[in-house]
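To start, the structure itself, in structure tokens.
The values are calculated or read from the model by the stated rules, or taken from the named source; none is laboratory data. Just so you know, these numbers come straight off a predicted model, no measurement behind them. Using ideal geometry, Cβ is built from the backbone for each residue, glycine included, and neighbour counts are taken over all protein chains shown. What goes into the accessible areas is simple: the full protein's heavy atoms, side chains included, and nothing from ligands, DNA or RNA. Shrake-Rupley method; radii C 1.70, N 1.55, O 1.52, S 1.80 Å.
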Amino acid sequence: MVSFAKNRGFIFVLLVLLLAFANADDVSHDDESTPKSPNCNNKFQLVKVKNWVNGVQAETIVGMNARFGSTLPSEEDKAQKLPAAFANPSSCCVSSKKLSNSIALSTRGDCAFTDKAQVAQTGGAVGLLVINDNEDLYKMVCSENDTSLDITIPVVMIPKSGGEIIRKSVEAGGKVEILLFSPNRPDFDYSEIFLWLMAVGTIIIASLWSEFIACEELADPYNPLSPKESAVPGALKDDSDKEVLDINAKGAIVFVIVASTFLVLLYYFMAPWFVWLLIVLFCIGGTQGMVACLVALIMRMCKSCRNKTVTLPILEEVSVLSIILLPFCMAFAIFWAARQHTSYAWIGQDILGICLMINVLQLARLPNIKVASVLLCCAFVYDIFWVFVSPLIFKESVMIAVARGDNSGGEAIPMLLRVPRFFDPWGGYDMIGFGDILFPGLLISFAFRYDRSNKKGVLKGYFLWLAIGYGVGLCLTYLALYLMDGHGQPALLYLVPCTLGVIVVLGFVRGELPHLWNYGNEPSVSLGQPGLA
């Protein structure tokens, strides 16, 4: 495997992909664009449809309530178990008999949802389940003319497969009973703490990595497949010898332009094959990152492993250790790709993702605050535009639609860390995009290098305060999600002020802002390459 350090174009493409998927927050089921009236203003919520056949509980079906009708209890013990009865005719568009004191079931089509509900209610039904003609949960809304609705029964849509299960049981002569309730999601889940620790921990570990893990073991810790002569332990290395991608102001702007173009293309042309291409790229990057991290860790513990190398075609001189580890890391990535829909796949995805981000933060860097300001301000505007402004142009949030994978055929985009919601009755995951970690991480890594080069203490430096600022920014993101009722949030809206803003304000107060701004362009400074900004 060719190291990323030998292919700066791959790093550029990877950073574009990571910026394109910077936002991966929870998405609410509610839709403010649909018509509302005093009798048609229910909030869209998921509904648990429990069903029993001859007293034996069957698989629970997940549905979604309508904008109109009565609301459901949030607790199961407050709901009532009632017999199921199919409307006749099945569309429930005209009067149907034998619905008294039952939960009616109807197919979609032939008339408005509100008409079905009124027919079922008139027939004595206590509730109505509308069976969709596909697996989606369509949002049942009112028309602008429905101003005098008087629907007092709950109305829920269920997917086609769930309706077929109930239909077969009824047609087989079984006694089918149904219970409807809509449990609330908890305001806080412990998964958010784990996700916070992973995001903050990844940035801190990546910033400290080359100094305390890889720096003393490899002449080029960023490229474990191509070791060079070992450096003197503890000595600072000349960055000009490292194969890294130095980001300049021009490149920062190009990142955002290319990422925006890529996001629009995904919005219009996303398909399962393209998601699989992203999965392959993620596996390649994760494998490379895992090899790099394991090589550095093992070489730190086993000094006798450092000088064992072989010469291979194309790769030239490579360490024996990296050759041994590569097949195992590849097998790990392939196993994850094959099992990515299992309940435990998030563990493998997070391991590969963290290794990938640690490696990327060794390969790409910011030379000074001038370039950091351009990159993070562009990313700040990018995130806000594609989450909040794009609905005015595209009728929906482009970022949220792509992150949700509306046209991906059920395949999930892997460019994010995720942790399952442990105490959420609906399950699901809390997620954060790699871009929300990497782009602030580039600035925090720069702050650590700056502090070390200028011999600044922990409190008088910038690294600690930026790390704290990043953690606070993530907390503000979670708070915004709560206050905005789960609507997707552009995390960089909160992370950029809490990181870039902190270093600019601190630098100004300490009188060091000019030095930070032009760092790397001054002959007396060893870090960075001249003329990058």
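Checking each residue in the stretch 40-55 for being under 33 Å from the mean Cα position of the chain (by Cα) and of a type in the set (S, T, N, Q) picks out N41, N42, Q45.
Of the residues V458, V472, the single one that is over 22 Å from D383 (Cβ atoms) and β-branched (V, I, T) is V458. A single member of L294, L281 is closer than 30 Å to L326 by Cβ, open to solvent by 10 Å² or more (accessible area, probe 1.4 Å) and free of Cβ contacts under 8 Å to residues at least 40 places away in the same chain, and it is L294. Count of the stretch 75-116 residues, restricted to those that are outside any loop (DSSP other than H, G, I, E, B) and either open to solvent by 20 Å² or more (accessible area, probe 1.4 Å) or not polar (S, T, N, Q) (or both), is 15. Could you check I351 against (1) under 19 Å from the mean Cα position of the chain (by Cα); (2) open to solvent by 10 Å² or more (accessible area, probe 1.4 Å); (3) modelled with pLDDT under 90; (4) closer than 20 Å to D436 by Cα and say which number it fails? Condition (3) is where I351 drops out. Can you find a residue that is within 30 Å of L483 (Cβ to Cβ), of a type outside the set (D, E, K, R) and surrounded by 14 or more Cβ atoms within 10 Å (Cβ to Cβ) anywhere in the stretch 157-170? Yes: the stretch 157-170 contains one or more residues that are within 30 Å of L483 (Cβ to Cβ), of a type outside the set (D, E, K, R) and surrounded by 14 or more Cβ atoms within 10 Å (Cβ to Cβ). Each residue in the stretch 407-418 was checked for being modelled with pLDDT of 85 or more and more than 10 Å from the chain's Cα centre (by Cα), and 0 of them qualify. Restricting attention to the stretch 450-460, the residues that are part of a helix (DSSP H, G or I) and open to solvent by 60 Å² or more (accessible area, probe 1.4 Å) add up to 1. Could you check, for the stretch 365-378, whether at least one of its residues is modelled with pLDDT under 90 and either within 30 Å of M330 (Cβ to Cβ) or open to solvent by 40 Å² or more (accessible area, probe 1.4 Å) (or both)? Yes, the stretch 365-378 contains a residue that is modelled with pLDDT under 90 and either within 30 Å of M330 (Cβ to Cβ) or open to solvent by 40 Å² or more (accessible area, probe 1.4 Å) (or both). Taken together, the residues in the stretch 415-438 that are of a type in the set (D, E) and either out of contact with any Leu (no Cβ under 7 Å at 6 or more places or on another chain) or open to solvent by less than 10 Å² (accessible area, probe 1.4 Å) (or both) amount to 2. Residues that are crowded, with 16+ Cβ neighbours inside 10 Å, more than 25 Å from V62 (Cβ to Cβ) and of a type in the set (A, V, I, L, M) within the stretch 184-207 comprise M198, A199, V200, I203, I204, I205, A206, listed in sequence order. Scan the stretch 124-143 and give yes if some residue there is crowded, with 23+ Cβ neighbours inside 10 Å and of a type in the set (F, W, Y), otherwise no. No, the stretch 124-143 has no match at all. For the stretch 142-172, give me each residue that is in contact with a Phe, Trp or Tyr (Cβ under 8 Å, 6 or more places away or on another chain) and modelled with pLDDT under 85. Matches in the stretch 142-172: C142, D146, L149, V170. Among the conditions (1) modelled with pLDDT of 85 or more; (2) not in a loop (DSSP other than H, G, I, E, B), the only one that F68 does not satisfy is (2).
Selection of first residues in the stretch 125-144 that are free of Cβ contacts under 8 Å to residues at least 12 places away in the same chain and of second residues that are of a type in the set (D, E, K, R), restricted to Cβ pairs under 9 Å at least 6 apart or on distinct chains, gives an empty result. Scanning the stretch 144-156 for residues that are open to solvent by less than 60 Å² (accessible area, probe 1.4 Å), closer than 22 Å to Q80 by Cβ and part of a loop (DSSP other than H, G, I, E, B) yields I151, I153, P154. Counting only residues that are without any contact (Cβ under 8 Å) to a residue 24 or more places away in the chain and more than 22 Å from I358 (Cβ to Cβ), which one in the stretch 461-483 is least open to solvent (accessible area, probe 1.4 Å)? Out of the qualifying residues, it is A480. Scanning the stretch 386-397 for residues that are under 25 Å from C498 (Cα atoms) and open to solvent by less than 70 Å² (accessible area, probe 1.4 Å) gives W386, V387, V389, S390, S397. Residue pairs whose Cβ atoms lie under 8 Å apart, separated by 6 or more positions or on different chains, with the first residue in the stretch 435-450 and in contact (Cβ under 8 Å) with a residue 60 or more places away in the chain and the second among the acidic types (D, E) and surrounded by fewer than 24 Cβ atoms within 10 Å (Cβ to Cβ), are F448/E211.
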